[in-house]
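Asker: Can you keep this structure in mind? I'll have questions shortly.
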């Protein structure tokens, strides 16, 4: 446990978690505000631009199943160092050339982010076992603070490289460079893993659990709204007449409004009395945000962005807590987390290119946006059963 270390070492462990959090979403969400610049520079279709956001999500979906095995083989701390290095290499690669470099770099970056995405929760459990809720709240909040700052200052960051999109995307390699020495220090003072082995692993049939599927879809629906907005909201608003700089700040409102929702939601979600109310509130706010954008466009856009951001924060924090409180063992919790992230991010990854394709075919954003109305309905229908005092408890063969 972290209490075995000196106070200044504890501080380095905390800083390491926060720096990792800052690396997890900012390099992805920064694409949205500079999408028109990328299209003009590389002559890509909206469908392929949507793939830039989808690629990391597909990495999340696939890697969520296999990353725990990597961590068991080389250790949590070593895997996190590889995560930061791959993320940095991917960021540099995607701004180093044309369309091919952009896509290859996005894959490398997506693999790096996936490793940390999966392993930060068990890292928190390992070193902050008595403060899991509080540390998770800080971790989730910092992800969105960094993401909000990234999209808010996208125009300023683009000036780093002659005013092009490469400056906005490439700037984030600085953060990975700062993060590496912190994690080398953490690796030096790591707590060794136990000496036990799991021959053949533990096969957990969470994929056969109805509750596990409900939680997975519940998580995936909020990810759909989030990543559609990340990929397309600034471009949509610019098509409707908003300036590029102001459109980037609208995505900032979506990001930053998640921070209090994620922080408070992580603290409240473990209490059964709040779970149903969080789902009701999140569903209503998401529906309201989508309808305001669809029917009133720019008139109430700030309110729509805030409502959407708060709804995503509430639902995501509750989904994250469900991974722990709806499992009877740590192994089942890990299996549920991996399944939910695999399914959730796969679903979410399909929508940015779908949105681009629909716009390309129809020449209008209204029909693609109409699809988002169904998200809060599905969230409500899949989330409510998960608030009941039931568990994902499945058969495990003996070891």
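Asker: Considering each of 28, 17, 2 in turn, give the residue that is more than 21 Å from residue 368 (Cα to Cα), modelled with pLDDT under 80 and surrounded by 16 or more Cβ atoms within 10 Å (Cβ to Cβ).
Answerer: Among 28, 17, 2, only 2 is more than 21 Å from residue 368 (Cα to Cα), modelled with pLDDT under 80 and surrounded by 16 or more Cβ atoms within 10 Å (Cβ to Cβ).
Asker: Something else about it: Going through segment 376-393 one residue at a time, which ones are free of Cβ contacts under 8 Å to residues at least 60 places away in the same chain and either in a loop (DSSP other than H, G, I, E, B) or touching a strand residue (DSSP E or B) at 6+ places or on another chain (Cβ under 8 Å) (or both)?
Answerer: Correct list: 388 only.
Asker: Hey, can you tell me all the residues within segment 365-375 that are buried (at least 16 other Cβ atoms within 10 Å of the Cβ) and in a helix (DSSP H, G or I)?
Answerer: Selection gives 368, 369, 375.
Asker: Hey, could you check segment 354-364 for residues that are in contact (Cβ under 8 Å) with a residue 60 or more places away in the chain and surrounded by fewer than 21 Cβ atoms within 10 Å (Cβ to Cβ) and say which is nearest to the chain's Cα centre (by Cα)? Give the steps one after another, and end with the answer.
Answerer: Initially, segment 354-364 is screened for residues in contact (Cβ under 8 Å) with a residue 60 or more places away in the chain, giving 354-357, 359-360.
In the following step, the residues that additionally are surrounded by fewer than 21 Cβ atoms within 10 Å (Cβ to Cβ) were identified as 354, 357, 360.
Values: 354: 19, 357: 23, 360: 27 Å.
The extreme case among them is 354.
For (1) within 22 Å of residue 266 (Cα to Cα); (2) within 13 Å of the chain's Cα centre (by Cα); (3) modelled with pLDDT of 80 or more, each residue gets a yes or a no:
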site	(1), (2), (3)
109	no, no, yes
130	yes, no, no
133	yes, no, no
139	yes, yes, yes
145	yes, yes, yes
153	no, no, no
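Asker: Moving on to the next point. For the structure I just gave you, tell me whether residue 169 is within 24 Å of residue 36 (Cα to Cα), modelled with pLDDT of 75 or more and crowded, with 24+ Cβ neighbours inside 10 Å.
Answerer: yes
Let's see how each residue does on (1) in a helix (DSSP H, G or I); (2) free of Cβ contacts under 8 Å to residues at least 24 places away in the same chain; (3) more than 25 Å from residue 22 (Cβ to Cβ):
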| site | (1), (2), (3) |
| --- | --- |
| 51 | yes, no, no |
| 56 | yes, no, no |
| 62 | yes, no, no |
| 66 | yes, yes, no |
| 69 | yes, no, yes |
| 73 | yes, yes, yes |
| 81 | yes, no, no |
| 86 | yes, no, no |
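Asker: Taking segment 38-47 only, how many residues are surrounded by fewer than 19 Cβ atoms within 10 Å (Cβ to Cβ), part of a helix (DSSP H, G or I) and in contact (Cβ under 8 Å) with a residue 24 or more places away in the chain?
Answerer: 3
Asker: Report whether or not residue 228 is within 22 Å of residue 136 (Cα to Cα) and within 19 Å of the chain's Cα centre (by Cα).
Answerer: No, not satisfied.
Asker: Out of curiosity, is residue 299 free of Cβ contacts under 8 Å to residues at least 12 places away in the same chain and under 19 Å from residue 236 (Cβ atoms)?
Answerer: When the stated conditions are applied, residue 299 passes them.
The values are calculated or read from the model by the stated rules, or taken from the named source; none is laboratory data. All of these numbers come straight from a predicted model, not from anything done at the bench. Every residue, glycine among them, receives a Cβ derived from its backbone with ideal geometry; neighbour counts consider all protein chains shown.
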